[in-house]
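The values are calculated or read from the model by the stated rules, or taken from the named source; none is laboratory data. Small disclaimer: the values here were computed from a predicted structure and weren't measured. Cβ: placed from backbone, ideal geometry, glycine included. Neighbour counts: every protein chain shown. Areas reflect the complete protein model, heavy atoms only, side chains present, ligands, DNA and RNA absent. Shrake-Rupley method; radii C 1.70, N 1.55, O 1.52, S 1.80 Å.
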Amino acid sequence: MIIDSVAPRSSLLFRSDAQRTKVLAANVAQVAVVFAPQPRFRLHFLWRTLIAAAAARIEAVAVLNKTDLDCEAADRVLGGLRALGARCLRISARRDPQSAARALEREFRGRETLLVGQSGMGKSTILNLLVGATAPTQAISGRIQAGRHTTSASHWHALESGGAVIDTPGFHEFGLSHIPEVQLPSLMADLAPHATACRFGNCRHLHEPGCGVRAALAEGNIDADRYAFYESLCSAVVE
């Protein structure tokens, strides 16, 4: 094999914790995070994915799968993700595969898309719809309401309509240790507009006087759960 040239990298998406950094994909245009009513999804996983996408300067798509199940709580979450800037889809890849395939193709056509999500959310089923792959699928564990791994490595699949889909193994945590605390507010769409209104330029938005973020929280302009999530991210960075 002879390397002719090296093209510039357009994007790099990865996750990290205190021990290691895991590169997920390079040169992708968007990340699609898949979740479903069953098994139980982790809201913070979805929020962390949006932050990682913003840090990598790529678009985020939230895909609510298994809409044939009770989706009342999941639909509320989907609305929240839309408010945070994600493009959103509702599909049932198993029960209505034709409609699901059409919706996915509209969003993925001509783009390189990384599929991420916890195990059991239906990423392999979605992949099979898009590229006719034969990725194995498996029922969720009813006892613990958790998905089982069916994908063991990341794979690139070209789309006939242009672009590609990169499937990844399911994982439970989306570590953000590679993102400095000072950058976090600018990567959170609901905090960013208020972070510029602080009295001090080095405000951490935790206990400092004259904080625009905490003022917005007190006025109800920032959701309390989202602010608690921000606090947990800051604590993780400090640790």
Which ones in the stretch 160-212 are within 30 Å of residue 110 (Cβ to Cβ), among the aliphatic types (A, V, I, L, M) and touching a helix residue (DSSP H, G or I) at 6+ places or on another chain (Cβ under 9 Å)? 164, 165, 176, 179, 187, 188, 189, 192
Here are some residues: 201, 220. Which one is more than 30 Å from residue 19 (Cβ to Cβ) and modelled with pLDDT under 95? 201
All conditions in (1) touching a strand residue (DSSP E or B) at 6+ places or on another chain (Cβ under 7 Å); (2) open to solvent by less than 40 Å² (accessible area, probe 1.4 Å) are true of residue 23 except (2)
Given the criteria open to solvent by 10 Å² or more (accessible area, probe 1.4 Å) and not in a strand (DSSP E or B), does residue 112 qualify? no
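Yes/no matrix, rows are residues, columns are (1) open to solvent by 20 Å² or more (accessible area, probe 1.4 Å); (2) β-branched (Val, Ile, Thr); (3) under 19 Å from the mean Cα position of the chain (by Cα); (4) modelled with pLDDT of 95 or more:
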| position | (1), (2), (3), (4) |
| --- | --- |
| 50 | yes, no, yes, yes |
| 64 | no, no, yes, yes |
| 118 | no, no, yes, no |
| 122 | no, no, yes, no |
Pairs needed: first member in the stretch 30-57, under 15 Å from residue 12 (Cβ atoms); second member anywhere, open to solvent by 10 Å² or more (accessible area, probe 1.4 Å) and acidic (Asp, Glu); C-beta distance under 9 Å; at least 6 residues apart or different chains. 30/59; 30/107; 30/112; 31/59; 53/59
Across the stretch 74-87, what is the number of residues that are within 27 Å of residue 185 (Cβ to Cβ) and surrounded by fewer than 17 Cβ atoms within 10 Å (Cβ to Cβ)? 6
Answer yes or no: is there a residue in the stretch 145-155 that is farther than 27 Å from residue 24 by Cβ and either of a type in the set (S, T, N, Q) or modelled with pLDDT of 95 or more (or both). no
One residue is enough: does the stretch 126-144 have a residue meeting the conditions within 17 Å of the chain's Cα centre (by Cα), open to solvent by less than 10 Å² (accessible area, probe 1.4 Å), under 22 Å from residue 43 (Cα atoms) and modelled with pLDDT of 85 or more? yes
Complete set of residues in the stretch 205-217 that are buried (at least 18 other Cβ atoms within 10 Å of the Cβ) and either closer than 19 Å to residue 236 by Cα or modelled with pLDDT under 95 (or both): 205
Any idea which of 45, 35, 14 is closer than 20 Å to residue 111 by Cα, aromatic (Phe, Trp, Tyr) and open to solvent by less than 60 Å² (accessible area, probe 1.4 Å)? 14
